[in-house]
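The values are calculated or read from the model by the stated rules, or taken from the named source; none is laboratory data. For clarity, every value in this text was computed on a predicted model and none was experimentally measured. So basically every Cβ, Gly included, is an ideal-geometry build from the backbone, and we count neighbours across all protein chains shown. Just the protein is used for accessible areas: all its heavy atoms, side chains included, with ligands, DNA and RNA removed. Shrake-Rupley method; radii C 1.70, N 1.55, O 1.52, S 1.80 Å.
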Amino acid sequence: MEEAILEVKELNIEFHDHELPETVVSDLSFTLHKGEILGIVGESGSGKSMTALAIAGLLSRKDMEKRGEILFRGQNLLQCDRNMLRSFQGDEISMIFQEPMTSLNPVKKIGWQVEESLRIHHKELSKEECRKKALDILEGCELKPEVYDMYPHELSGGMRQRVMIASAMICDPEILIADEPTTALDVTIQEQIIHLLLKLNRKKHTSILFISHDLSLVRRLCENVIVMQHGVMVEQGSAEEIFAEPREDYTKVLTGSIPKVVLTEERRERLLRSLASGTSKTDPRQPLVKTDHLYSYYRQYGKGKVRKVGVLKDVSFEIRPGQVFGLVGESGSGKSTLAKALTGIVKDTKGEIVRPENGFAMIFQDPAGSLNPAKKVGWLLMEPLRIRGIRDKKEMQQRAIRMLEKVGLSAEYMDRYPNELSGGQRQRVCIGIALMQEATVLIADEPVSALDVTVQAQILKLLKDLKKEMDLSILFISHDLRVVYNMCDYVMIMKKGEIVEQARRDKIYFTPKQQYTKDLLNAAGLGDLSITNEIDQEK
Amino acid sequence: MKKFKPNASLLAGCILVGLMLLMVLWGWIATPYDPNAMDADLKFAGPSLSHLMGCDNFGRDVFSRILQGVGNTFIVSVGTVAIGVVFGILIGGLCGYYGGWLDEALMRCNDVLFAFPSVFLALVVISLIGPGKYQVIVALGIAFIPSFARMVRSEFMKQRNRDYCLSAQLMGASSLRTMFVHILPNALPVILSSVIIGFNNAVIAEAGLSYLGIGVQPPEASLGAMLSDSQSFLYKDPMLCIFPGVVMALMILGFALLAEGLTEKKK
Amino acid sequence: MRDVIRKLASMILTLLIVSFLVFLAFDLIPGDPAIAKLGTQATPEQVASLRAEWGLDRPFLIRYFDWLFSFVRGDMGYSYHFDRAVTELLSGKILITVTLVIMAFVMIVSVSIPMGIFAARHQGGALDKSIMVSNQLLMAIPPFFSGILITFLFGVGLSFFKPGSFVSYTQNFGGFLFYMIFPALAVAIPKIAMCVKLLRSSILEQWPMDYVRTAYSRGNRTMQVLYRHVLRNAMIPVVTFLGMTLADMVAGSIIIEKVFNIPGIGQILIKCIEYRDYPTVEAVVMLIAFLVVFVNFMVDIIYRILDPRMRQSS
């Protein structure tokens, strides 16, 4: 093993802004070695980001107490003075953040921002030298030189994160702290950023501290992993060990919460048979939802004229009764627009849409935004009944309470406001409201993307149970292929408003035909599951 | 709900506005003296127990005139804000909810009007319909519509695009139900604080117009006109200016603190 | 550049619409200026001949375009009340009003920006608190009352200037500027208070933003973060406010001119409203409208310089 470059010993962080001190990190010790990529994994509230900020010297609130040691170059970063700390920041220890959209100064040029660390720490360099170094590092981060003179708002999210990486790497730091650097990005972009980090790590031998909630990502990127929960280190070890044989209960729960994608022998047989026969049996029942060559536009106002911008192009698909239909795509793929076109919220469409008799109910990604913050849970649950014209208060109340119990909450939640609930509880309420509408088809638009993995697993289980119990038909929209595999029978992949591929689930996952599908599977770490090659060999 | 934290601004604002309402009521029920009764013996009399704030150049009781003036200011402010809010919510709500060409057209006009200071717009309207208390209400009311409409529109647009609105529509709620049952309660805090700021501005604007002599017409008292009259006697009796001026400043301060306190509480 | 030209075009269009509406409004209101001039005893023949002399008997649109074209050429019409050409009447007054507004504006910018930064830097400290409290008080004093207080303090009390005795710039330019300091102060004080408060909260709002954290992570000092990163972002709402203030002060000066007995365009406007001297009112309204639209145009340009996001979006 290489020399240790950073040692954290018994780090404690406490907040004192409330009456009782709140411990966010307690007795954390670990070592980061030269050239190592160390992952810190945990759910929200685990203290992983606080640890990262403490190492980067960015925790300086007055109402906070930090104890222990963070040793770097023989200095305890918690004790040394501001000037010493600053001489490390950006030069020896640099950091990139979760939100590339907001982490760059919106009114300064990219070049200026990338060069900033050089200007601060290497005053001997001339303007020309700075510029040359900046252009070099931009190139190293696979950005075009034109970016130098652009502003952040002119770049995409992935490009902005590259700029952040460039500006963090320009002084060749010993340590790069990456706090959820890919969480806000699309999966394929995420994959590129991961490759870039790996490339820089190999080339410059920079140690990387990688903070993430995404276990599968950490598994692919990091050599060693620390698992944290409620500010305490639960388990530490090599990535392979932790994921293959977790020792602690929490780690087991955490790894168990990742939806598994496995092809059983039986299903493999069935898949091969249906591929061989070339036909799949079709459902004799009428489809509930059907679109036929659907196009959709939105009108862009401004500059005096109205432009029609196409969002959906030639989309045709069918949802059968009892089916869970998975719709997968990255941002800008038109998946949410498709949902809105089906429900009739987006009206500017061309092409036939067959809608179910009792319409749609919908649950959204952000459970906080989809519950009216001014109303109580009970009121919200009864609103669908009121709209349907039911006036009997007692009956409404009883039905609302029954529904609460169905989604795993109790009657006491009737009088709570949405902001008094946790994310998982809110999503349960949203599901309850949707079911109260007694619609034929439930549309779930990224219903678990905003939730922690363990909560995610609970909500997915609830949806599955309800589906079985009530024989629901669901249009399940997600960017997460693992989640979709676990929920859906049939999968459709979209890109830029067009259908890339649609088929039964196993066909998509194990015999993908389109390159884009393969890219998505690769990005999710599912690329090596394909059995297309085996089939070819058998032939 | 969180524990109610005592908030100095809110408390002070409530007290000052409460005092103002008391004065308004007092002025409506009975002033200590007839605000227009002149008494040649009492010209420029200083403050005393019988005349709390003394008498003016005609020997009229200043305190009674201030009570009447506060009452007039209050009526004008309420009228002004009412016109502004009603038309503001109507125009802003429709534009924010429906969007499209209606929004484009109305907001273009609104932006042009919004660019002009409200006192200036009021002056133009008054030059058309003439001076007077009720004319001032109309003039200021019209002048206040653009800013209210703009505020309501942006709030409605913000709320309308949130998922809970879509969810309500999917349940089958009508546009009216979505607008008034779902959106309005969420927009109320913002509307409320701008109503209070509207009061603040209305008091300043009314006093300014009355000071110019085109607001409330004599012999009826108004704080602005009292200031303007007393200015000629600045050497002789400065208290004549101080009393109406301080009362006016306290009214403005009260509304400002109230608005400030409400925004603080929201955070 | 194309954006600037389009802005310019929309500015001219706005002025045209405003001019049409103003002319229409004053045409529609009841009251005949000829009768107003001659008195109610005048015979219909006398009225008719005066109307013909002033060109009031021609169709509306012709009168509008005639008025508009002569306005553009610098002929603003004829004041019925003062019996003089409006251009002549106003020419000397505009300078006075503009001087007042510019002086107040310079005071606002030079005092409130350093003070706002100071208050934000010492947020929560004793000085910050006292600045905030006095701000709240100063905001509550309308300019005409603070004008009277200033007159009382500096004029009556300290005898720095003689209340009510305006010094014309044609006679004594230095004396004119000195006299104007006091009204400018009265206009500026509440605006300074508002601007300090806005800049302070704007800076404090920027502080928890992600890009500030990024700036710290590169090893910037707090001062460097403030001046190199935060200030420009924090100034964006302040520029909007300053633009609106400038427009607001043009209207506010109408009142302050009365307090200090300054013969600017405000005084004329009030007199003309009283006497229903519509050509003069129209001219003053158009002048102020022009100033307001021009100020907004300038604010837009500054906005674009400060905030690159504004440059490309429509």
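Hey, in the GNM for chain C with a 10 angstrom Cα cutoff, which one of C:Val22, C:Val86, C:Val101 fluctuates hardest?
C:Val22
What is the spin-label model distance, in nm, from A:Asn76 to A:Glu352 if the labels are put 7 Å beyond Cα along the C-beta direction?
Using points 7 Å along Cα→Cβ, the separation is 7.7 nm.
Given a cut-off of under 8 Å on Cα pairs at least six residues apart, what relative contact order in percent is computed for chain A?
Computed value for chain A: 14 percent relative contact order.
Would you report the distance distribution of C-alpha pairs in the stretch C:90-313 as whole percents per 10 angstrom bin, up to the bin with the largest distance?
The distribution over the stretch C:90-313 is 8, 27, 30, 21, 11, 3, 0, given as percents.
Roughly what angle does helix C:60-72 make with the longest principal axis of chain C, taking Cα atoms, 0 to 90 degrees, to the nearest 10?
60
Could you tell me whether chain A comes out rounded, prolate or oblate from its Cα gyration tensor? Rule is a ≥ b ≥ c as square roots of the eigenvalues, rounded for a/c under 1.5, then prolate if a/b exceeds b/c, otherwise oblate.
Prolate shape, in that a/c is at least 1.5 and a/b is the bigger ratio.
How large is ³J(HN,Hα), in whole Hz, for each residue of the stretch A:128-135 in order, when computed from phi with the Karplus curve 6.51 cos²θ - 1.76 cosθ + 1.60 and θ = phi - 60°, using x for Gly and Pro?
Those phi angles translate into 5, 5, 4, 4, 5, 4, 4, 5 Hz.
Arranged from highest to lowest average of other beta-carbon atoms within 10 Å per residue, in what order do the peptides B:205-214, B:232-241 appear?
Averaged packing, sorted descending, gives the order B:205-214, B:232-241.
When Cβ neighbours within 10 Å are restricted to other protein chains, what is their mean count per residue of peptide A:150-156?
3
What aspartates and glutamates does A:Lys252 reach when the alpha-carbon gap must be under 17 Å and sequence neighbours fewer than 8 apart in one chain are set aside?
In chain and number order, the partners are A:Glu43, A:Asp214, A:Glu235, A:Glu240, A:Glu241, A:Asp452.
Per residue of B:109-116, count partner chain C-beta atoms within 10 Å of its C-beta, then hand back the mean as an integer.
Mean shielding by partner chains, rounded to a whole number: 5.
Within 10 Å, count the other beta carbons around each residue, average over each peptide in C:241-248, A:245-252, A:35-42, and list them highest first.
Going by the mean number of other Cβ atoms within 10 Å, highest first, we get A:35-42, C:241-248, A:245-252.
Averaged across the residues of C:223-234, what count of C-beta atoms belonging to other chains lies within 10 Å of each residue's C-beta?
Across the residues of C:223-234, the mean count of other-chain Cβ atoms within 10 Å is 2.
Taking 0.36 nm per intervening residue step and subtracting the Cα-Cα distance, what contour gain separates C:Ser70 from C:Leu56 on full extension?
3.5 nm
Quick one: what does P(r) look like for the stretch C:196-314 with 5 Å bins over all Cα pairs, in whole %?
Calculated over all Cα pairs of the stretch C:196-314, the distribution is 2, 10, 14, 14, 14, 11, 9, 8, 7, 5, 3, 2, 1, 0 percent.
Taking amide H atoms as placed 1.01 Å from N in the peptide plane, list the residues 5 or more away in sequence, or in a different chain, whose amide H sits under 5 Å from that of A:Met150.
When sequence neighbours closer than 5 places are left aside, the close amide H contacts are A:Ile110, A:Gly111.
Express in % the proportion of alpha carbon pairs of the stretch B:1-132 at distances exceeding 17 Å.
That tail contains 75 percent of the Cα-Cα pairs.
Say R0 is 60 Å: what FRET efficiency, to the nearest 0.05, do B:Lys43 and C:Ala42 get from their beta-carbon distance?
Efficiency, from the Cβ-Cβ distance: 0.90.
So how much accessible area does C:Trp67 have, in Å² to the nearest 10, using a 1.4 Å probe?
Counting only protein heavy atoms, C:Trp67 exposes about 30 Å² to solvent.
Using bins 20 angstrom wide from zero, how does P(r) for the protein assembly as shown break down, in % of all Cα pairs?
The percentages, shortest bin first, are 10, 32, 33, 19, 5, 0, 0.
In terms of modelled amide H atoms, which long-range or inter-chain residues lie less than 5 Å from the amide H of A:Ser473?
Those lying under 5 Å, H to H, from A:Ser473 are A:Gly322, A:Leu442.
Starting at the first residue of the stretch C:174-183, write each ³J(HN,Hα) from the Karplus equation 6.51 cos²θ - 1.76 cosθ + 1.60 with θ = phi - 60°, in whole Hz, x for Gly and Pro.
x, x, 4, 4, 5, 4, 6, 4, 6, x
Roughly what would the spin-label model give for A:Leu529 and C:Leu8, points 7 Å off Cα along C-beta, in nm?
If labels sit at A:Leu529 and C:Leu8, their model points lie 6.3 nm apart.
Tell me, what ³J(HN,Hα) does each residue in the stretch B:81-96 have, in order and in whole Hz, if you take phi through Karplus 6.51 cos²θ - 1.76 cosθ + 1.60 with θ = phi - 60° and put x for Gly and Pro?
Calculated HN-Hα couplings, in order: 5, 4, 4, x, 5, 4, 5, x, 5, 4, 5, x, x, 4, 5, x Hz.
Computed FRET efficiency, Cβ-Cβ of A:Gln514 and A:Ser331, R0 25 Å: what is it to the nearest 0.05?
That pair, A:Gln514 with A:Ser331, gives E of 0.85.
Roughly speaking, what % of Cα-Cα pairs in the stretch A:4-256 are separated by over 23 Å, rounded to a whole number?
Counting pairs separated by more than 23 Å, the tail of P(r) holds 51 percent.
What residues qualify as long-range amide H neighbours of A:Leu327, i.e. H under 5 Å apart, gap of 5 or more or another chain, H built at 1.01 Å from N?
A:Phe476, A:Ile477, A:Ser478, A:Met492
In whole angstrom, how far apart do the alpha carbon centroids of the stretch B:1-65 and the stretch A:461-539 sit?
Cα centres, the stretch B:1-65 to the stretch A:461-539: 76 Å.
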